[in-house]
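Below is one structure, written out as C-alpha cells, with a few remarks after it.
The values are calculated or read from the model by the stated rules, or taken from the named source; none is laboratory data. Values in this document were obtained by computation on a predicted structure and should not be read as measured data. For neighbour counting, all protein chains shown are included, and Cβ atoms are generated from backbone atoms with ideal geometry for every residue, glycine included.
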Amino acid sequence: MTLLRLRDRHGVVSRFEAANLVYGAYDLSGTPSQRSGGYTPLLSRRDVDDMPGFFLPKHDLEERRHPDISPLFAELAGLPPALFTAGTHDRLLDDTLFMAARWHAAGNRCELALYPEAPHGFTFFPIAMARAAHARIERFFQESAGG
C-alpha cells in the first residue's frame, strides 16, 4: 500500500530501486490459504478465522476488496522490482503467490522466494531458513542497485 500511495498521491515511487515484500496481507477479503487454516500454532482457530475482522470490523467482504485496503486489486503498473518472500506453511502464502503473479502481469520485474515448511514470521527467528532468506534479500537489493 505504501508504494501505491507514493506512486498515486505523491509521484515519488520512482525513487525506489526495489521492494522487499515479505509475507504480506495483500487481500483482506481472504485468500484460500487464509480461509483454509494454514499453519498457526499460536492462535486459536476462531481468532485466525476472524483475522481480517480485527483490522476491518465495519467492512463487509466486498469493501475489503477495495484497492485502498487490499492492494491485490489495485492497478500495479509502474512499480519497482520486488522480491516476494513467504514460507510454505504461512497462512498468507496465497497472498504472496497471487501478488507476485499480478506484479509480474502488470509489467514489473519480480522474484518469488518460497521457503519449505516455514511459517509466517520465520525471518525473525534465529534459524537457517531465516538466514537464507536474509541472504537472498540482500542479493536482490544488490542486483537491483546495479551491483
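Structure values in brief
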read-out	value
Filter result for the condition that a residue is more than 16 Å from GLU17 (Cα to Cα), assigned to a loop (DSSP other than H, G, I, E, B) and out of contact with any Phe, Trp or Tyr (no Cβ under 6 Å at 6 or more places or on another chain), over ASP68, ASP94, ASP90	ASP68
Odd one out for PHE55, checked against (1) aromatic (Phe, Trp, Tyr); (2) modelled with pLDDT of 65 or more; (3) under 22 Å from HIS120 (Cα atoms)	(2)
So ASP47, is it among the acidic types (Asp, Glu) and modelled with pLDDT under 90	yes
Subset of the stretch 1-24 that is surrounded by 13 or more Cβ atoms within 10 Å (Cβ to Cβ) and β-branched (Val, Ile, Thr) - its residue that is nearest to ARG139 (Cα to Cα)	VAL22
ALA133 being among the small types (Gly, Ala, Ser), in contact with a helix residue (DSSP H, G or I) (Cβ under 6 Å, 6 or more places away or on another chain), touching a residue at least 40 places away in the same chain (Cβ under 8 Å) and part of a helix (DSSP H, G or I)	yes
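Yes or no, residue by residue, for (1) surrounded by 13 or more Cβ atoms within 10 Å (Cβ to Cβ); (2) at pLDDT 95 or above; (3) among the β-branched types (Val, Ile, Thr):
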| site | (1), (2), (3) |
| --- | --- |
| LEU42 | no, no, no |
| ILE69 | yes, no, yes |
| GLY78 | yes, yes, no |
| GLY87 | yes, yes, no |
| ALA100 | yes, yes, no |
| ASN108 | yes, yes, no |
| PHE122 | yes, yes, no |
| ALA133 | yes, yes, no |
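Conditions (1) in a loop (DSSP other than H, G, I, E, B); (2) within 15 Å of the chain's Cα centre (by Cα); (3) among the aliphatic types (A, V, I, L, M); (4) within 25 Å of LEU4 (Cα to Cα), marked per residue:
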position: LEU76; (1), (2), (3), (4): yes, yes, yes, yes
position: ARG102; (1), (2), (3), (4): no, yes, no, yes
position: LEU114; (1), (2), (3), (4): no, yes, yes, yes
position: MET129; (1), (2), (3), (4): no, no, yes, no
position: GLU138; (1), (2), (3), (4): no, no, no, yes
position: GLY146; (1), (2), (3), (4): yes, no, no, yes
